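Structure first, then comments.
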Amino acid sequence: MNSQDIIVTEQQVVSAIRNYLEDDSFSIYGYNITKASDKMLGYLSEYWKLNVQFKIKNEVRSLVFFIKGVPRNNTAKAAVVRELKLFNKELMFYTRIKEKIDIKGIKPWSAKLVEVLEEAYVFEDLSYLGYRNRHKLNTFDRDHTLQALETVARFHSLSLIYEREQSLLSGRPYCINQEFLEHLDRGGYDENDPWFVQCMKGALNAVKKFSAHAKNEAAIVLVENKWRDVWTSALRCCDASARYPNVVAHRDLWSNNILFRYDGAKPIACVLVDFQAVRYQPPAGDVMLLLYCNLDQQMREENMEYFLNYYYEELANYLKNANVSIESVMSKNEFLTSAEEQRQWALVAFACLLPQFWLDDDATTKHFSNSEQFQKILTEDKSSFIELIMNNDDKYKEKVLGVFDEIVERYCL
């Protein structure tokens, strides 16, 4: 990929620096654009680094920005982004929703957007600021989980606080979902979306071919009869609830979208990236998705109560700082009940995501870089892809099949 595939004008560079520094008393020396990595950093975008040199107050300084754009060299990926309006959705999140809900002085919870290009965004570079991902094949330990939960609680608190403030100002109930309804949609998580249909079919095919349950003919008949209803009813869990409070939720909390800053080996800060799947739904949906996507099953289930309580207390603390009582939002029992209900959504969403991301970097590049191959896996025949990897990688089969089997055991048998 040629770095010239993304074009940034000097005027846009100046604007990015100005917005980042919140100061315009500088002069630009130069800039260049490089690929962010030779590896695939994500599935539906391409990434570059914008390196700039400038002078401010008689001091020459350098900055690095991170560019995320609609794929220039993979037509299938670009088509998905445009069809689902993912670029517009994330742009709306950063330029409208985040601007409304963010609280000045609050600890950072996402990257700062500094400029918008044609089908691309320019962010502060989190790696330049010391943040990095935990490798996607390394599940979270306790410290990483607590940092992530604290950041999610901080993020969730903002829309709850904003709605409360707007309701008090207007004298009538305010719901942010009503203002941004068309942008807080289901995205690909729709029962008729080809991507979701292939996720559902690919998982069932794997169960029938590889699961120990496949040896029981009666069990497989039961699974086949219930499979579609289990998956589609999970989608209804992530709609706005009339029973529980709702928040602007992230809904894509796998490890690539969660970055940590460290003191030695200990994570001391965490931020979230990639807000293309945001939706208005109960906060427990994000919490359960985070726990499913990033913890191994034993760690998750043995510590579930502790982690849920931790999130609830962190959310309570952030609300208290804004003079909002957590009990006026939801009781702990309501949250725990909601979390168990949202487990189904989290498990099904995890089953959609895991077959793609539980691959090493070389395998990811091999299977998802080619436009035609990506299109086939995404919307035409995910079953063959999952079957191919399971036949050749026992660790992949154990991990991915374990998730499919959990759906079988919790919701089908």
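Just a few scattered comments:
- Residue 151 falls short on exactly one of the conditions (1) touching a helix residue (DSSP H, G or I) at 6+ places or on another chain (Cβ under 7 Å); (2) closer than 29 Å to residue 247 by Cα, and that condition is (1).
- Positions within the range 255-278 being within 14 Å of the chain's Cα centre (by Cα), touching a residue at least 40 places away in the same chain (Cβ under 8 Å) and outside any loop (DSSP other than H, G, I, E, B), in sequence order: 255, 256, 258, 259, 270, 271, 272
- Residues in the range 163-188 that are in contact with a Phe, Trp or Tyr (Cβ under 6 Å, 6 or more places away or on another chain) and either among the polar types (S, T, N, Q) or in contact (Cβ under 8 Å) with a residue 40 or more places away in the chain (or both): 166, 167, 177, 184, 188.
- Scanning the range 371-384 for residues that are touching a residue at least 40 places away in the same chain (Cβ under 8 Å) and among the polar types (S, T, N, Q), we see that the one that is nearest to residue 197 (Cα to Cα) is 379.
- In the range 111-128, of all residues being out of contact with any helix residue (DSSP H, G or I) (no Cβ under 8 Å at 6 or more places or on another chain) and closer than 21 Å to residue 254 by Cα, the one that is surrounded by the most Cβ atoms within 10 Å (Cβ to Cβ) corresponds to 111.
- Any chance residue 103 is surrounded by fewer than 20 Cβ atoms within 10 Å (Cβ to Cβ) and in contact with a helix residue (DSSP H, G or I) (Cβ under 7 Å, 6 or more places away or on another chain): yes
- Residue 86 assigned by TED's automatic domain parsing to the domain that holds residue 19, at pLDDT below 95, on the phi < 0 side of the Ramachandran plot and of a type outside the set (Phe, Trp, Tyr): yes
- Within the range 110-127, the set of residues being in a strand (DSSP E or B) and of a type in the set (Asp, Glu) comprises 115, 124.
The values are calculated or read from the model by the stated rules, or taken from the named source; none is laboratory data. Here the structure is a predicted model, which is why all the values come from computation and not from measurement. As a convention, Cβ positions derive from the backbone with ideal geometry for all residues, glycine included, and neighbour counts pool all protein chains shown.
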